[in-house]
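Student: Sending over a structure as structure tokens; questions will come in a sec.
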Amino acid sequence: MQESNPKDINLKISSDDNIENLIKGNSFYIQFSKIQTEGIALEIVNATGNKVFQIQNLINQQAPQRITTSNLSTGIYFIKIYANKKIYVQRVFITNN
């Protein structure tokens, strides 16, 4: 699959405090648009490339969707959205503080 710019689907990831690309605790909101395909999938990959979370069949809507993960260690992660036969990757920082 071809990697594409997350801006192409207006990807926005935030926690309750609305700071983009910063996830606090074990849940966050994801928002996107301009996706034509069904079966939208999300993966969270840690800095060493290991998949630490996965969810299938996200809803194709512009309103924020709440995603709850297991507790992840503080650090940099990559959120991958599989849609439109492409992969959209966004770097985020996760903190448990």
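Student: How large are Rg and Dmax for the chain when only the alpha carbon atoms are used, in Å?
Tutor: When restricted to the Cα atoms of the chain, Rg and Dmax are 12.4, 37 Å.
Student: What's the magnitude of the charge dipole for the range 2-95 around its Cα centre, counting Lys and Arg as +1 and Asp and Glu as -1 at the beta-carbon? Answer in Debye, nearest 20.
Tutor: Working: 10 positive and 7 negative charges, 29 e Å.
Dipole of the range 2-95, to the nearest 20 debye: 140 debye.
Student: DSSP loop GluC sites (Glu not before Pro) in the range 10-97 with at most 15 other Cβ atoms within 10 Å of their Cβ, which ones?
Tutor: Values: sites: E20, E38, E43; in loops: E38.
Taking the range 10-97 and a limit of 15 other Cβ atoms within 10 Å, the loop GluC sites (Glu not before Pro) found are E38.
Student: Another question, then. If you take every DSSP beta bridge fully contained in the chain, what fraction is antiparallel? Give it as a percent rounded to 5.
Tutor: On the way: 28 of 34 bridges.
Approximately 80 percent, going by the DSSP bridge assignments.
Student: Which trypsin sites (Lys or Arg not before Pro) from the range 31-80 combine a DSSP loop assignment with at most 13 other Cβ atoms within 10 Å? Walk me through the intermediate numbers first.
Tutor: On the way: sites: K34, K51, R66, K80; in loops: K34.
Those satisfying the criteria are K34.
Taken together, the values in this text are just the output of simple stated rules run on the coordinates, not laboratory data. Just so it is clear, the structure is predicted and the values come from calculations on it, not from any experiment. Don't worry about glycine lacking a Cβ; one is built from the backbone with ideal geometry, like all the others, and counts go over all protein chains shown.
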